[in-house]
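J.: Below are the structure tokens for one structure; questions will follow.
Since every read-out is calculated from the coordinates, none of them should be taken as a lab result. Treat the numbers as computed from the prediction; the structure is a model and nothing was measured. Glycine also receives a Cβ, built like all others from the backbone with ideal geometry; neighbour counts cover every protein chain displayed.
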Amino acid sequence: MKTLVEKLMQTIGAQIERGQLPQGSKLPSIRQAAKLYGVSTFTVAEAYSRLCTQNQVESAAGRGYFVAKSRYQQPLETVLRQPLNQDWLLQGIYQSDDAMLQAGCGWLPDDWHDPELASSALRKLARAPLQLNQYGEPKGLLPLRQLLAQRWAHHHLPLSASQVLLTQGASQALDIITATYCQAGDTVFIDNPGYTNLLTRLRSKQLHIVGVPWNEDGPDVVQLAQLLQQYRPKLMFTNPVLQNPTSASYSLATAHQVLHLLRQASCLLVENQVSYWLAHNPPPPLSALDSIQHSLLIGSFTKHLSPVLRVGYVLGTDERIAALMQQKMLSGMTTSAINEHLALLMWQDSRSDKQLSQWRSRLAGAQQHLQKVFTQLGWHTFGRPQSGMYLYAKHPAIADAYHFAQTHHDDNITLAPGLLFAIDQSQANPWLRFNVAYCMRPEFEPWLRMVTPKQP
């Protein structure tokens, strides 16, 4: 059954296809659309965001949302020759199907979650005296912001609640940061390989994207220095701990070098720390080393509590948080106080710490086992991550991982090819991202042995 967001996306998409919403035309505001379609403002905001990701809609800071123009002026046959079928990938990677082994997905299996953790929080929430006739605080639920400030203080990042902005997942955080600090044509740096949702969002905003190559210790600082001499980026987006898709992490030396180079270039650092809590003894975030003066930190509760919460946040100076809050209100008023209350109750529950500890141990064990299996079969892995959800790997006999993923889709397995995470999608890419939690299922290893090309 389709969700309200999916139904609204389908409705708007059909109106665009039929010409009822012409190319370049302005869409109703989020509040107008909510009234027009009989849904909440949050449903509209999420639908518009996903349509931007699919390049059907474009957002303009301070002006609203518009039907995309240039991307739909190509003949159909030209579009079909594009190397990356985003629709196929989105359906495969982000839609849950019990019949499929989600070897390329970005979440943990249902049976890893403690069902009582969410159930207990929901029962407490049902008894709580909630103010359902108000939008809530623009910055988000104060007790949750206070708890976030306390938790990050334990990792060398002292904050006040005023320096925390809650968002609708990390995705909205990325959107409002980009809208606040960038205009079409501006240059931004990102990890290469990098986070696929970030890539699609930056492309939809017509930004000039420059990839910073990675090694086992984080960004290649020599190449970063060269790129900073060549370009003047407004922002650098990076994922310092258990990076997506490689599970590599910054070394302390790399962290200090990156911060030094960016300060010299007057480039604002945006670190994505959504996987921070999955790491054993994680290092201080880059923002702590920088005293959060030239940086912003993005986090969420997706990876360490539940993806359904859709609660994220941004940490920064009071001045930057105030600017981002204004952009947040333009993009979707406030965020869901109900979801924020639920996240607060779950994170306060001691079972969440126990569950997280179990996840860290299971992921570390899965990494160790699968790295051994992949190596035995002739695959090359990106480093030797100690933990993390992902293993990034390639085989010398597989030149095009996208074709490989399509070919084996009928095996009831969903894979995440490297093109998803690549800046340049015009060339064949041999890499695949594997979710180690799902790859521990008993059917995965026999399948991998069967499809791996035999060594001469």
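J.: If packing is taken as the average number of other Cβ atoms within 10 Å across a peptide's residues, how do 37-50, 166-179, 146-159 rank, most packed first? Mind dumping the intermediate values first?
T.: Working: 37-50: 20.4, 166-179: 24.8, 146-159: 16.5.
So the peptides 37-50, 166-179, 146-159, ranked by packing, come out 166-179, 37-50, 146-159.
J.: Also, quick follow-up: Kindly list the residues of the stretch 1-45 that lie in the label zone of Met333, defined by a backbone N under 14 Å from the point 7 Å along the Cα-to-C-beta vector.
T.: 29-45
J.: Moving to a separate point now. With an 8 Å Cα cut-off and a minimum separation of 6 or more residues, compute the relative contact order for the stretch 135-348 in percent.
T.: Numbers: 390 pairs, mean separation 61.4, N = 214.
Computed over the stretch 135-348, the figure is 29 percent.
J.: If a/c stays under 1.5 just call it rounded; otherwise compare a/b with b/c (prolate if a/b is bigger, oblate if not). Do that for the stretch 215-332, with a ≥ b ≥ c from the square roots of the Cα gyration tensor eigenvalues.
T.: Details: a/c = 1.93, a/b = 1.18, b/c = 1.64.
Oblate.
J.: Among rounded, prolate and oblate, which fits the stretch 152-279 when a ≥ b ≥ c are the square roots of the eigenvalues of its C-alpha gyration tensor, a/c under 1.5 means rounded, and a/b larger than b/c means prolate? Display every interim value, and only then the final one.
T.: Numbers: a/c = 1.39, a/b = 1.07, b/c = 1.29.
Since a/c stays below 1.5, the shape of the stretch 152-279 is classed as rounded.
J.: Same structure, new question: Quick one: which residues, 5 or more positions from Ala416 or on another chain, have an amide H under 5 Å from its amide H? H modelled 1.01 Å from N in the peptide plane, none for Pro or chain starts.
T.: Amide H neighbours of Ala416: Gly104, Arg433.
J.: Residue by residue through the stretch 404-420, which ³J(HN,Hα) values in whole Hz follow from phi under the Karplus form 6.51 cos²θ - 1.76 cosθ + 1.60 (θ = phi - 60°), with glycine and proline marked x?
T.: Values, residue by residue: 4, 5, 5, 4, 9, 4, 6, 7, 6, 9, 10, 10, 10, x, x, 4, 4 Hz.
J.: List the pairs from Lys35/Lys205; Lys26/Lys139; Lys7/Lys35; Lys35/Lys124; Lys139/Lys328 whose alpha-carbon separation is above 20 Å, in the order I gave them. Mind dumping the intermediate values first?
T.: Numbers: Lys35/Lys205 27 Å; Lys26/Lys139 28 Å; Lys7/Lys35 15 Å; Lys35/Lys124 31 Å; Lys139/Lys328 9 Å.
Pairs exceeding 20 Å: Lys35/Lys205; Lys26/Lys139; Lys35/Lys124.
J.: Using +1 at the Cβ of each Lys and Arg and -1 at the Cβ of each Asp and Glu in the stretch 135-348, identify which of Leu228, Tyr250, Cys182 lies farthest towards the dipole's positive end.
T.: Of the listed residues, the answer is Cys182.
J.: Just to check, using Stokes-Einstein with a Kirkwood Rh over alpha carbon pairs, what's the diffusion coefficient of the stretch 135-348 at 20 °C and 1.002 mPa s in µm²/s? Intermediate values should be presented prior to the final figure.
T.: Details: Rh = 17.1 Å.
It diffuses with D of about 125 µm²/s by this estimate.
J.: Once you have the Cα-Cα distance between Arg449 and Asp410, take 0.36 nm times their residue separation minus that, and quote the gain in nm to one decimal. Could the numbers behind the result be given before it?
T.: Values: separation 39, 0.36 × 39 = 14.04 nm, distance 1.66 nm.
Contour length minus the Cα-Cα distance gives 12.4 nm.
J.: So, one more: With the dipole of the chain worked out from charges on the C-beta (+1 for Lys and Arg, -1 for Asp and Glu) around the Cα centre, which of Gly64, Gln368, His156 lies farthest toward the positive end?
T.: Gly64
J.: Can you list the lysines whose alpha carbon sits under 17 Å from that of Lys394, skipping same-chain ones fewer than 8 residues off?
T.: Cα-Cα hits under 17 Å: Lys372, Lys454.
J.: Which of these values of Cα extents along the principal axes in Å was calculated from the structure shown: (i) 109, 62, 54; (ii) 67, 55, 51; (iii) 65, 54, 38?
T.: So the calculated entry is the one marked (ii).
J.: Here is a further query. Taking the Cα centre of the chain as origin, work out the dipole magnitude from +1 charges on Lys and Arg Cβ and -1 charges on Asp and Glu Cβ, in debye rounded to 20.
T.: On the way: 38 positive and 32 negative charges, 156 e Å.
Result for the chain is approximately 760 debye, rounded to the nearest 20.
J.: Estimate the FRET efficiency between Gln427 and Gln264 by the formula 1/(1 + (r/R0)^6), using the beta-carbon distance for r and 51 Å for R0, to the nearest 0.05. Write out the running numbers ahead of the final one.
T.: Working: r = 32 Å, r/R0 = 0.63.
Efficiency at R0 = 51 Å is approximately 0.95.
J.: In addition: Sort the following peptides by mean Cβ neighbour count (other Cβ atoms within 10 Å, averaged over residues), highest first: 323-330, 242-249, 408-415.
T.: Details: 323-330: 18.8, 242-249: 26.4, 408-415: 16.8.
Order by mean packing, descending: 242-249, 323-330, 408-415.
J.: For the stretch 329-417, just say rounded, prolate or oblate: build the C-alpha gyration tensor, square-root its eigenvalues into a ≥ b ≥ c, call rounded for a/c under 1.5, and beyond that prolate if a/b exceeds b/c, oblate if not.
T.: Working: a/c = 3.10, a/b = 1.63, b/c = 1.90.
Oblate, since a/c reaches 1.5 and b/c is not below a/b.
J.: Suppose R0 equals 22 Å. What FRET efficiency, 1/(1 + (r/R0)^6) with r the Cβ-Cβ distance, do Arg441 and Ser350 give to the nearest 0.05?
T.: On the way: r = 29 Å, r/R0 = 1.33.
For Arg441 and Ser350, the calculated efficiency is 0.15.
J.: Thr375 to Asp114: FRET efficiency via 1/(1 + (r/R0)^6), r the Cβ-Cβ distance, R0 35 Å, to the nearest 0.05? Could the numbers behind the result be given before it?
T.: On the way: r = 33 Å, r/R0 = 0.94.
FRET efficiency, Thr375 to Asp114: 0.60.
J.: Along the stretch 143-151, what does the Karplus equation 6.51 cos²θ - 1.76 cosθ + 1.60 (θ = phi - 60°) give for ³J(HN,Hα), rounded to whole Hz, x for Gly and Pro?
T.: x, 6, 5, 5, 5, 4, 4, 5, 5
J.: Label-point separation (nm) for Leu4 and Arg18, each offset 7 Å from Cα along Cα-to-Cβ?
T.: Here the answer is 2.3 nm between the modelled labels.
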